[in-house]
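I have placed the structure first, in the form of structure tokens, so that the comments after it can refer back to it.
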Amino acid sequence: MLNSAAGFGYQVKFVKNLIKSFLSSDTQFSVSQFSTSPEVHFYFKKFSSSGSVETDINRISQQREETYTAKAIRHVVNNVFTPQRGSRQNVKKVLIVITDGQSYDRADLGGAAQLAESKNIVRFAIGVGNAFDTPDARRELDTIASSPSNKHVFQVENFNVLEVIRQNLQDKIFSIEGSQSSGESLEMEMSQEGFSAVIVPEGIQTSIVGANEWRGGYVQYTTGGQKLKTYEDVYLEPDSYLGYSMAIAKSWYGSLTVVGAPRYKHRGVVVAVNRENLKKQKIEPFSSQYQTGEYFGAEVCTMDINNDDITELIFISAPMYMEPDREGRVYVCRLTGLFVECNFDDPVVLRGHAAVKGRFGSSLAVLPDLNSDGFRDLAVGAPLENNGEGSIYIFNGEGRGRISPTYSQRITGSEVQSGLKFFGLTISQSSFDQSGDGLLDLAVGSKGTVALLRSRPIVMVRAEVSFSPNKIPTQNVDCSKPSENTALICFTMTRVSTVDTARARIDYTITLDATRKPPNNRAYTSGKQREKSGSVDVDLGRHQCSTVKFLIEACPEDALNQLSNELKFTFNSLATNTNLRPSLAPQAQTTAIHPLGFEINCGTDNKCVDNLKLDFNFTRSSEVKVGIDELLNVTVSVENRGENSYNSRVILTYPAGLSYRKFTSQQGRSECISLDSEDGLSRGRTDCTIYKPIFKSKTKVFFIITYGIETNSQLEREIFVTANATSGNQEHAPTSELYKQKSIDVKYSIFLTFESSFSSHNLTPGMNNSQEAVQQIIKITNYIRAFNFTVVIRVPVKLGEKDIWVDLSSLQIANCQRGNDEEPLNKEFVAEIQKHKVVDCSVATCRVFKCNTFMGIWESRMYEISANFSSGWIEQIGFQSAKFLLTSTASLEYDKNQYIYFSAWTKNNPPVHKIEAEIKVYSEPDYIKEIIGGYIGGLAVTALFTVCLYKAGYFKSDYKEMIK
């Protein structure tokens, strides 16, 4: 019952957490709220999940009125605790009243409480706040609660600390089950002696699970029935049920009694008691692992796995432990000396089939060696599986004191007999041959029926595979045709346990070259499939075989490592006249590798030691010319100077910027594949096989690898190529030469063009004051790549002792630095000029200009030569009238260790461009002769003209008149 007061949210949270703590138990809840009038929010119901609790409780809203506690108690007793509202008979009834102040109808509290007492309703009163600090208010809580009040009254300062008392309240509610309503202590009245029992050397040991308010314990008797000793753990809480399960564990140092108390703190505990001194070890999961109501310790049993009379394992069940998809588990603990180790931080746990309700672990039984592997086995019951039909599980013991965490067999009740209920509720602790077939049988209890299960006979199946031929030929093979082989697969079945007849079908699959993933497998059947399946029927003691034909790849890449052929088979038992199907022994090897090797001719010791000599050279060019050379050839030679070499190969690595183009075989048999660098950082790799599969002794091979060089490749100034020879031989001769690394210089191609203007000038010798302005433009354009270089311009400035230019200081070229003048090689310049009609740096002193520059691709730059010619230097040549060229030059300077000029006609030498000015020389003219000659010629023409007029009668009068 909730009070409609302040702190209502804390009350709701308290109720939700309280209900959730009882989810695993068969408990029903009803929630009411009281104020002026009581309100029932829902009647008795069982919640199945936390989600349903949240949904129902969150619907409750606060009333916010006066407090009438007595009225609410009467309403709940009369209207809620009734069969019509879901209240069950013969179960404990509990009423929890939460209030924060005195009731307005406190005078009726005694009568309301007495009404609840008359219906055996146990009441808890929770007072919140300082309203109950007074004696009268405290007496009101005592009136509401059952007696004694010190066990049924809780008082807290405020609502937000309600959660502090929840666990205490929960424990008190749990403790109501099995206790007398009067609260008097029980000792041996309800001991239920014999609830569990074990045989001990002294006689018999029986549990007293109900003794001492159901704290429990056990009593030891002699074979004659005389009581020897009693063990009771007074420190356990009441209702712990110590002795609910019990087993004896033996070690070299003594023995233990392992006792379960599954209701200890409503979750369970196991106690291991030294049978000599009664010292105990408490065994329980960590607080982060246990669950309320899991019934930890409901069953315990001990296992001597290898029949040496020493306990190796202890099993503890928690059949009501809830997981998302199943119920129940069994913890596997080890016995070390007299100490039980469960490793609860990472426990070994046995689980059953996923089922909503299974109660896996409700029964445990150690069995004899069912599968004839030399180790005892374990049976676990799950009687609520399949809607109460039930199942049992078989777990097989293993070597080194372990048990398999995976069950080997699950037997459901319907497999035994239709209609069985709770099959696996109990399992016999001893197994005998009840059927007389020489095999042990197992008795399993269910509701109203005991089923006797017979053991199945155990057989062993051995698989053998042989090949014909038994070696893969490698000598004189035709690499265009695969070789044939046949596998003979045989199965033999023998008895392990007592059995006269047995029959089974073997379904098998052979996987050829199983260790290699397709398509790298070297063997295959038809259709390029490497798996072949079949089946044979085998009888006990008989040998049954089947054949599989297959092909082996011609000249495989790996002819040294054997083919690992995997055979897998499954065992399917067939019924015989005994109606017992055999079971395959767990130690049977159902998967095995059957190798098929290659012929290896390595002398008497059958150990091949090759002696490989590897070398390579760059054979196309002595340097890499990026942008000029398109290809780089690497010629490789390999010689085997030792015994046969298997799976021989050469691996070359090359830098990013080179790309594989082709492979050319020169001598011998070899093949290459290559993978260029993909990220520009790693190196490319060329992988070449040599005489696959065998590189015979005294054999050589030569081949050429051609790599392409991209025009825009960015390589180091020097690149290196490595070559490494390997083989599948386990040993190489000490004189083997398996690794080479060689480098080659790298140069980048450059190409520039020059353009210049042509000028013509007239000069007269001997006239020192004659001069001519000169302006010459030089245009340089860069192609292919950006780089730094220097333009060197040489201008003739002095011929003999005469300056060619009027003012040498004015001869400048923008963005260029003047260098030292260069003297001509030929001092006899007159004859040279008269012969070749050229004045250049070979006959004249030249001024050198150096223009340092950086130019990008397709970038152009211009340089201008601008000054005035002088005519004074021409008369030294001896021409009165002539035409000749004054030639300057432009050339390039650059790092020739890094760059090379791209020009086929200059053999990769940079050109020298000529900047030419045509000079025309004329002698000075004599004008007096021309004047006199003109005067005389004019007089002669006049006279001739006059004579012509006279002859024509011009001077006659008639003619004159006519003209007039």
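The values are calculated or read from the model by the stated rules, or taken from the named source; none is laboratory data. This structure is a prediction, so every number in the text was calculated from the model and none was measured. Backbone-built Cβ (ideal geometry, glycine too); neighbour counts: all protein chains shown. Surface accessibility is based on the protein's heavy atoms, side chains included, excluding ligands, DNA and RNA. Shrake-Rupley method; radii C 1.70, N 1.55, O 1.52, S 1.80 Å.
Summary of computed values
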read-out: Near pairs, Cβ below 8 angstrom, 6+ apart or cross-chain, from the range 418-437 (in a strand (DSSP E or B)) to any residue that is among the acidic types (Asp, Glu) and surrounded by 14 or more Cβ atoms within 10 Å (Cβ to Cβ); value: Phe423/Glu389; Phe432/Asp441
read-out: Of all residues in the range 583-613 being of a type in the set (Ser, Thr, Tyr) and modelled with pLDDT of 80 or more, the one that is surrounded by the fewest Cβ atoms within 10 Å (Cβ to Cβ); value: Thr591
read-out: Of all residues in the range 339-388 being of a type in the set (Val, Ile, Thr) and not in a loop (DSSP other than H, G, I, E, B), the one that is surrounded by the most Cβ atoms within 10 Å (Cβ to Cβ); value: Val380
read-out: Condition check for Phe395: open to solvent by less than 30 Å² (accessible area, probe 1.4 Å), among the aromatic types (Phe, Trp, Tyr) and not in a strand (DSSP E or B); value: no
read-out: Qualifying positions in the range 526-541 - assigned to a strand (DSSP E or B), more than 10 Å from Met493 (Cα to Cα) and either of a type in the set (Lys, Arg) or touching a residue at least 24 places away in the same chain (Cβ under 8 Å) (or both); value: Lys532, Ser533, Gly534, Ser535, Val536, Asp537
read-out: Test: residue in the range 247-259 that is among the basic types (Lys, Arg) and either in a strand (DSSP E or B) or surrounded by fewer than 22 Cβ atoms within 10 Å (Cβ to Cβ) (or both); value: yes
read-out: Test: residue in the range 276-292 that is among the acidic types (Asp, Glu), surrounded by 14 or more Cβ atoms within 10 Å (Cβ to Cβ) and in a loop (DSSP other than H, G, I, E, B); value: yes
read-out: Filter result (within 27 Å of Cys342 (Cβ to Cβ) and open to solvent by less than 20 Å² (accessible area, probe 1.4 Å)) within the range 405-430; value: Gly424, Ile427
read-out: Within the range 751-791, tally of residues that are β-branched (Val, Ile, Thr), at pLDDT 90 or above and under 60 Å from the mean Cα position of the chain (by Cα); value: 5
read-out: Filter result for the condition that a residue is of a type in the set (Ser, Thr, Tyr), in a strand (DSSP E or B) and under 42 Å from the mean Cα position of the chain (by Cα), over Thr492, Thr486, Thr515, Thr474; value: Thr486
read-out: Residue that is in the same structural domain as Ala125 (by the TED database), loosely packed, with under 14 Cβ neighbours inside 10 Å and without any contact (Cβ under 8 Å) to a residue 60 or more places away in the chain, where the choices are Ser61, Ser35, Ser30, Ser52; value: Ser61
read-out: Qualifying residue in the range 493-501 (condition: small (Gly, Ala, Ser), in the same structural domain as Ile552 (by the TED database), at pLDDT below 95 and open to solvent by 60 Å² or more (accessible area, probe 1.4 Å)); value: no
read-out: Options Asn601, Asn647; residue that is at positive phi and out of contact with any strand residue (DSSP E or B) (no Cβ under 7 Å at 6 or more places or on another chain); value: Asn647
read-out: Output for the range 755-765, where each listed residue is open to solvent by 30 Å² or more (accessible area, probe 1.4 Å), within 25 Å of Met862 (Cβ to Cβ) and not acidic (Asp, Glu); value: Ser756, Ser757, Phe758, Ser760
read-out: Odd one out for Trp858 among (1) open to solvent by less than 80 Å² (accessible area, probe 1.4 Å); (2) within 30 Å of Thr711 (Cα to Cα); (3) not in a strand (DSSP E or B); value: (1)
read-out: Qualifying residue in the range 155-172 (condition: modelled with pLDDT of 80 or more, among the hydrophobic types (A, V, I, L, M, F, W, C) and not in a loop (DSSP other than H, G, I, E, B)); value: no
read-out: Near pairs, Cβ below 7 angstrom, 6+ apart or cross-chain, from the range 797-813 (part of a loop (DSSP other than H, G, I, E, B)) to any residue that is among the basic types (Lys, Arg); value: Ile804/Lys798; Leu811/Arg847
read-out: Among residues of the range 264-275, those that are free of Cβ contacts under 8 Å to residues at least 60 places away in the same chain and either of a type in the set (Ser, Thr, Tyr) or outside any strand (DSSP E or B) (or both), counted; value: 2
